[in-house]
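The values are calculated or read from the model by the stated rules, or taken from the named source; none is laboratory data. Keep in mind that this is a model prediction, so the values were computed, not measured. In this analysis, Cβ positions are derived from the backbone assuming ideal geometry, glycine residues included, and neighbour counts consider all displayed protein chains.
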Amino acid sequence: MTFNETLLKKIRLLTWFFMMGLFLSGVTAIPLHSELQLLHKMVANGAVARGFVPTGFAEWILKVEQGLSSTNAKYPFLAYGTDWLAFGHIVITIAFWGAVKDPIRNRWLYDFGLIACALIIPWALVLGQVRDIPLGWRLIDCSFGVFGAIPLLIIRHWLSQMNLQAPGL
């Protein structure tokens, strides 16, 4: 196996890894209320008392779960927004199929992904502030951009190495 063939295999595997993270972060938005109920039960059943979870985090989870419960009881159609959030993640995941098939020709997708990852940070910080989301939670949201960018930056580096080995790719 040549150097470029080895790199292409690594690029495809890391692209799949990125795609699975994107897909999973999307589909978990659909059962959001059920997930929060489960998380609230876990936190309420002693995680705080045993020191595993900070009190502020537990209070935030309770507040969010109560907000979702109240909203879903009265206005269940608002959850449709998170369904569309999931849809967006899935569609973007599908777009990266082009990068799996031909990472060289579709290298622009990695730039697109990096731009999206970078935009997560101001989006979460600004809109989180507007929506009264605690700073710690906004930083967790920002981490999706940071951790999403890591495999994309590695892939861009590998693509550059391939271009050095075989200019014109």
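Does G168 count as in a helix (DSSP H, G or I), of a type in the set (G, A, S), loosely packed, with under 14 Cβ neighbours inside 10 Å and modelled with pLDDT under 95?
no
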> Inside segment 23-37, can you point out the residues that are in a helix (DSSP H, G or I) and within 16 Å of E65 (Cβ to Cβ)?
Replying inline: L32, H33, S34, E35, L36, Q37
> What number of residues in segment 97-115 are more than 20 Å from E5 (Cβ to Cβ) and acidic (D, E)?
Replying inline: 1
> Restricting the search to segment 78-135, which residues are of a type in the set (K, R), more than 28 Å from G56 (Cα to Cα), free of Cβ contacts under 8 Å to residues at least 24 places away in the same chain and assigned to a loop (DSSP other than H, G, I, E, B)?
Replying inline: R105
